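Rule-based calculations on the coordinates, nothing more; no lab input. Note that the structure is a prediction, hence the values are computed from the model and not measured. Positions of Cβ are backbone-derived with ideal geometry, glycine not excepted, and every protein chain shown enters the neighbour counts.
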Amino acid sequence: MAIVGAGPAGLLLAALLARHDIDAVIVEQRSAEYVLSRIRAGVLEQTTVDLLREAGVADRCLQEGLTHDGIELSFDGGLHRIDFRALTGKHVTVYGQTEVTHDLMRSRAGANLTTDYEAADVEIEGFDGEHPVVRYVRNGVVQELACDFIAGCDGYHGVCRASVPREAITTYEKVYPFGWLGVLADVPPVRPELIYANHERGFALCSQRSKARSRYYVQCSLDDQVDQWSDDAFWDELRRRLPAEIAEAVTTGPSIEKSIAPLRSFVAEPMRFGRLFLAGDAAHIVPPTGAKGLNLAATDVGYLARGLAEYYLEGSDAGLDEYSARCLSRVWKAERFSWWFTSLMHRLPEAGAFGFRLQQAELTYLVGSRSASSALAENYVGLPI
Ligand SMILES: Cc1cc2nc3c(=O)[nH]c(=O)nc-3n(C[C@H](O)[C@H](O)[C@H](O)COP(=O)(O)OP(=O)(O)OC[C@H]3O[C@@H](n4cnc5c(N)ncnc54)[C@H](O)[C@@H]3O)c2cc1C
């Protein structure tokens, strides 16, 4: 196997394949340090934790991850809890993507498995025939990796999806007219669980990575630049969007990372092209509101690893043939949920005052209705693989 991309999708796929003694080489364009420096997801569904366990890398996540039995929704000056445990019997685990990546990298290095970091000019070819090849330049030398299959785990901007002939792929996309300004700070979270806030000034999210490290976001304009936002300006804006008693309780501190992420929904269909399989952000993007991106990447590679194990160990193509349809069925459920939750919680420029009042009405209905709260909870904690 050749795996392009050493994000969570590529690393987890390689770890799952290693459990079946299936050889995989990962080719990554960035350095290991750069990959580890990207601050992203933090909420893991149980299926993702189960896959980490299956890959033999869940120990630290199980020890240090925080079990969250619910979230809080803030709107109209009040705070309302959605109790996942009571509504679904399930929970999510708060454990940073950086930590997941770190655990996967360490396990791979410990087993002496190859990851070629800082690979330049990565190209793939031959995946429509019997002999796929990944070609790249490392330390000035051209490397050629002949393989049975290529896993395109190289994210939204990667080379794998871009190498598929235009007529073989259909893409669906929605770009949202706002972004998220995120701050990571070594301060204790304001509440034990995440707060999703709908406010006239825009959305805010109080998230966390541990009991000592918080991740906060505010909805911002796509024209905003990170350096326009001092730490003080960020904390002031965050507090304006929270109920008074929560705003007062926020512990502020210097940011250790600050970035702006645009929001996008995107799906490429199918996810298999001959001997090339796309997985994770290479095939689909969700706005981060529903906390689904990393979880979808994990379930994609869970399906792919099973399909490959059946192929190599049992001589069956069935799992590989079903890969694309199985993934896309789950992907579209997550796309729907992420779009709905984003539309409900953000200030939508085109919707005006009427749209804002409708959001308040829908949120009031949501927190007052067991079936509506259950639907949110079921989607948030995740669907079975
Ligand atoms: C602000 C924010 C918050 C988020 N919060 C959540 C959350 O709470 N829960 C959740 O589930 N998800 C969340 N996500 C989404 C999640 O981070 C992504 O879905 C996840 O990183 C996808 O993993 P991946 O391995 O598919 O892609 P990536 O993490 O993008 O990894 C792809 C890798 O491929 C490499 N690469 C790219 N091009 C090439 C090339 N040509 N050759 C070789 N290598 C290449 C890249 O350097 C990268 O290392 C969030 C995202 C953002 C931006």
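For the range 305-317, putting each phi into the Karplus relation 6.51 cos²θ - 1.76 cosθ + 1.60 with θ = phi - 60° gives couplings of 5, 5, x, 5, 5, 4, 5, 7, 8, 10, x, 9, 8 Hz, in residue order, rounded to whole numbers and with x for Gly and Pro. Take the Cβ atoms of residue 118 and residue 201, set R0 to 41 Å, and the FRET efficiency comes out at 0.45.
Backbone phi angles across the range 64-81, fed through the Karplus curve with coefficients 6.51, -1.76 and 1.60 (θ = phi - 60°), yield HN-Hα couplings of 9, x, 9, 7, 10, 8, x, 10, 10, 10, 10, 7, 6, x, x, 10, 9, 8 Hz in residue order; Gly and Pro are listed as x. Packing, taken as the mean count of other beta carbons within 10 Å per residue, orders the peptides 181-189, 108-116, 235-243 from highest to lowest as 181-189, 235-243, 108-116. Placing a label point 7 Å from the Cα of residue 329 along the Cα-to-Cβ direction, the residues of the range 359-385 whose backbone N falls under 16 Å of that point are 383-385.
Excluding residue 116 itself, calculate the net charge of residues whose Cβ lies under 9 Å from the Cβ of residue 116, where each Lys or Arg counts +1 and each Asp or Glu counts -1. Don't skip to the end; give the middle numbers.
Details: positive: 138; negative: 28, 118.
Computed value for this residue: -1.
Calculated [222 nm] ellipticity per residue, helices only, for the chain: -11500 deg cm²/dmol; basis is -39500 (n - 2.57) per DSSP H run with n ≥ 4, divided by all residues, nearest 500.
By per-residue mean of other Cβ atoms within 10 Å, what is the highest-first order of 136-146, 95-105?
Sorting 136-146, 95-105 by mean packing, highest first, produces 95-105, 136-146.
Summarising the label geometry, the points placed 7 Å from Cα in the beta-carbon direction at residue 125 and residue 364 lie 6.4 nm from one another. Axis angle, to the nearest 10 degrees, between helix 370-381 and the longest C-alpha principal axis of the chain: 40 degrees. In this rough spin-label picture, where each label sits 7 Å from Cα along the Cβ direction, the residue 221-residue 354 distance is 2.5 nm. Rounded to the nearest Hz, the phi-derived 3J(HN,Hα) couplings of the range 349-354 under the Karplus curve 6.51 cos²θ - 1.76 cosθ + 1.60 (θ = phi - 60°) are x, 7, 7, x, 5, 4, where x marks glycine and proline. For the range 236-381, the relative contact order works out to 18 percent when only alpha carbon pairs closer than 8 Å and six or more residues apart are counted. Normalised by the number of residues in the range 29-117, the average gap of Cα pairs under 8 Å and 6 or more apart makes the relative contact order 38 percent. Please find the FRET efficiency linking residue 169 to residue 312, where r is the Cβ-Cβ separation and R0 is fixed at 35 Å, and quote it to the nearest 0.05. Once the sixth-power term is evaluated, E becomes 0.85.
Mean sequence separation of contacting Cα pairs (under 8 Å, at least six apart), scaled by the length of the chain, corresponds to a relative contact order of 21 percent.
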